[in-house]
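As structure tokens, the structure follows; a few thoughts come after it.
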Amino acid sequence: YIPGVQLQVKTQPGKGTLISISVPLSRSHNRPVGYICSKNSNTQVSAGMLLIVEPDDRLRDLLSFALGKLGYQIAAASDACTALECIAHSGVQPDLILTAYALGQQIDGVQLVQKMREQFRRAIPAIILSTENHERVCQLIWAGNCTLLRKPVGLNMLTFIVSTLLRTALQET
């Protein structure tokens, strides 16, 4: 037994079993909604600046922590407006954008990527995380020259795609 850790098991006949473990974050991980966080590491991953825009606090913190541990520099925000403000005031230029599709009613993830690409006048690689299954949404994401990943996505898969997109973008420049 570990205090604060919750284990949930859901079984659907014919489909399988989902096991989820919830671990509370320490208070030191509680950050303001928009923040810039830089990590330097001696890992083998070549450092790149990732912009993570995710409305879910836990997922945003998990992505920031996990990708930061791999040596990436992280800029993270909970919504598009905060992300645009953060980038404008920090002078940071992301090498890759990792964003949720659903960011609120005013702007979606694809529109945020388009704004960033226009602002920096370059084709920044982008990953859109979505739970949407609608063909129209998928077409919008693909038409925006973004990589679509369905939530939930495994960290190994996400890490592989991030490194592949960054490596490809570096080779094209």
Quiz item: Using modelled backbone amide H atoms (1.01 Å from N, in-plane), which distant-in-sequence or interchain residues come within less than 5 Å of Ile127's amide H?
Solution: Ile97, Leu98, Thr99, Thr147
Practice problem: In whole Å, largest first, what are the principal axis extents of the Cα atoms in the stretch 55-154? | Solution: 36, 30, 23
Quiz prompt | Potential extension, Val92-Thr164 segment - 0.36 nm per residue separation minus Cα distance | solution = 23.8 nm
Quiz prompt | Heavy-atom accessible area ranking, 1.4 Å probe, most first, across Arg122, Arg167 | solution = Arg167, Arg122
Exercise. Any chance you could run the full-extension gain for Gln111 through Val153? It's 0.36 nm times the residue separation minus the Cα-Cα distance, nm to one decimal.
Key: 12.9 nm
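The values are calculated or read from the model by the stated rules, or taken from the named source; none is laboratory data. Owing to the predicted nature of the structure, the values given are computational and were not obtained by experimental measurement. Quick note on the areas: whole protein, heavy atoms, side chains included, nothing else; ligands and nucleic acids left out. Shrake-Rupley method; radii C 1.70, N 1.55, O 1.52, S 1.80 Å.
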